[in-house]
């Protein structure tokens, strides 16, 4: 593979000028120019020959090149065909890199099947391969890329991503805080979220208007094992947080009447040991998982003839 130049601010400015290009703000094109941070990302990713890396946002290929030197295979996705051509000049000679020019998402709830197929093909190429997401994620796709990968059946073992600091704060937020959200619950119910480093706008070119962060996300199998139905949990937390400040009892009774199947909402709350006056924003991810489980579990055979108000907890 062609040796990659040091992609400093002056290098990138010259590169774009020579090709008559400008970074696109609408695509979140802010290139990481602090090379020490590239090293930090690679260190946190802890890549080996067993790893298949998914990168969303190839950019000019600086991080891609570093990952290709350490990982077994890299699938790198870039939406902007103009920028991808800059990366292709360097990365085309790398036998373990596949460049895709497409949107990483089919829609906000699904990863692009082209991307999924490429990842699955790379994973199947050798036994024991595992998936890691390592990327300087464009701000406009960061949330759905991370959420949908967690929701998928892919064998991912780590994510190390550069994202907007506001998003990092929401991921790691505690119950009762301003940033606590459906995303907080979805991730904390089955993963461990670590804020590795806060980043100022000065480490990017062009400079974004906001601070950023490097975040590491690791699976938490013991937590995930407590979830009866992940697809239902994802719907549940998304819907209840649209009315996060209302009493959850009324919100759940209205939104999930079908799941009650003749049961009293009070019995469902009692089974999950949730106070009847609780609000979604006050409950821990573990409590919300138990409530979702209680709501989704069918009414027991022994309750079939009982009136709902008298059903046991």
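The values are calculated or read from the model by the stated rules, or taken from the named source; none is laboratory data. Quick caveat, the model's predicted, so the values are computed rather than measured. Positions of Cβ are backbone-derived with ideal geometry, glycine not excepted, and every protein chain shown enters the neighbour counts.
Of all positions in segment 150-168, at least one carries a residue that is touching a residue at least 40 places away in the same chain (Cβ under 8 Å), surrounded by fewer than 20 Cβ atoms within 10 Å (Cβ to Cβ) and within 21 Å of residue 112 (Cβ to Cβ).
Under the condition of being closer than 14 Å to residue 155 by Cα, surrounded by 13 or more Cβ atoms within 10 Å (Cβ to Cβ) and touching a residue at least 60 places away in the same chain (Cβ under 8 Å), the residues counted in segment 116-140 number 8. Somewhere in segment 172-182, is a residue in a helix (DSSP H, G or I), within 23 Å of residue 267 (Cα to Cα) and out of contact with any strand residue (DSSP E or B) (no Cβ under 7 Å at 6 or more places or on another chain)? Scanning segment 172-182, I find no residue that is in a helix (DSSP H, G or I), within 23 Å of residue 267 (Cα to Cα) and out of contact with any strand residue (DSSP E or B) (no Cβ under 7 Å at 6 or more places or on another chain), so the answer is no.
Can you report the number of residues in segment 21-41 which are in contact (Cβ under 8 Å) with a residue 60 or more places away in the chain and buried (at least 18 other Cβ atoms within 10 Å of the Cβ)? Selection size over segment 21-41: 9. Can you find, within segment 56-83, the residue that is surrounded by the fewest Cβ atoms within 10 Å (Cβ to Cβ) among those that are part of a helix (DSSP H, G or I) and over 23 Å from the mean Cα position of the chain (by Cα)? For segment 56-83, the residue satisfying everything is 81. If the condition is being in contact (Cβ under 8 Å) with a residue 12 or more places away in the chain and within 19 Å of residue 139 (Cβ to Cβ), then segment 85-111 contributes 102, 103, 104, 105, 108, 109, 111.
Here is a yes/no grid of residues against (1) within 22 Å of the chain's Cα centre (by Cα); (2) at pLDDT below 95; (3) not in a strand (DSSP E or B):
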| position | (1), (2), (3) |
| --- | --- |
| 1 | no, yes, yes |
| 4 | no, yes, yes |
| 15 | no, yes, yes |
| 42 | yes, no, yes |
| 52 | yes, no, no |
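Of the residues that sit in segment 191-250 and are assigned to a helix (DSSP H, G or I) and touching a strand residue (DSSP E or B) at 6+ places or on another chain (Cβ under 7 Å), which one is surrounded by the fewest Cβ atoms within 10 Å (Cβ to Cβ)? Among residues in segment 191-250 that are assigned to a helix (DSSP H, G or I) and touching a strand residue (DSSP E or B) at 6+ places or on another chain (Cβ under 7 Å), the one surrounded by the fewest Cβ atoms within 10 Å (Cβ to Cβ) is 203.
Which of the residues belonging to segment 51-65 are touching a residue at least 60 places away in the same chain (Cβ under 8 Å) and out of contact with any strand residue (DSSP E or B) (no Cβ under 7 Å at 6 or more places or on another chain)?
65
Determine, yes or no, whether residue 173 is touching a helix residue (DSSP H, G or I) at 6+ places or on another chain (Cβ under 6 Å), surrounded by 19 or more Cβ atoms within 10 Å (Cβ to Cβ), outside the structural domain of residue 242 (by TED's automatic domain parsing) and at pLDDT 95 or above. Yes.
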